[in-house]
Amino acid sequence: AMATKIVEHVAHNGCVRCLAIGRKSATLMATGGDDHVVNLWSIGQTAPVMSFVGHGTPVECVAFDGMETHVIAGSQGGTLKLWDLEGGAKTVKKYYVKN
């Protein structure tokens, strides 16, 4: 079978470090990049639905919760941030993970 490219776009100002697809709907995608931003996408669209700022270093990992109501992102500086998607993308929790 041959693969077909559906859409291509620039997701971040700098390298894209990570992405996650929501397992519940399979229509949402979160990306994190060197620009310290987490973007939320509707798959197939070329502009983000929401952008989450606040990390001070590149975002290394992103994940959805099982209901796709929250996104959590970890940065190179050891900070985890949890956003409530249904609450207007406000930062709900901020964690520091330092050894």
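The values are calculated or read from the model by the stated rules, or taken from the named source; none is laboratory data. None of the values given here were measured: they were computed from a predicted structure. Using ideal geometry, Cβ is built from the backbone for each residue, glycine included, and neighbour counts are taken over all protein chains shown. Just the protein is used for accessible areas: all its heavy atoms, side chains included, with ligands, DNA and RNA removed. Shrake-Rupley method; radii C 1.70, N 1.55, O 1.52, S 1.80 Å.
Couple of notes before you dig in:
- Which of Cys61, Cys18 is most accessible, then next, and so on - probe 1.4 Å: Cys61, Cys18
- Dipole magnitude of the chain about its Cα centre (Cβ charges: Lys, Arg +1; Asp, Glu -1), debye to nearest 20: 200 debye
- Summed over the residues of the chain and divided among them, the accessible surface reaches 61 Å² per residue at a probe radius of 1.4 Å.
- Computed over the stretch 2-52: relative contact order in percent, which uses C-alpha pairs under 8 Å that are six or more apart: 29 percent
- Calculated from the structure at hand, log10 I(q)/I(0) by the Debye sum over Cα atoms at q = 0.12, 0.18 Å⁻¹ is found among (1) -0.41, -0.77; (2) -0.42, -0.90; (3) -0.37, -0.79 as (3).
- Rolled with a 1.4 Å probe across the full set of protein chains, the surface gives Met67 an accessible area near 120 Å².
- Pairs of Cα atoms nearer than 8 Å and 6+ residues apart set the relative contact order; for the chain it is 19 percent.
- Projecting the Cα atoms of Thr27, Ala3, Gln45 onto the charge dipole of the stretch 1-95 (Cβ charges, centred on the Cα centre) puts Thr27 farthest toward the positive pole.
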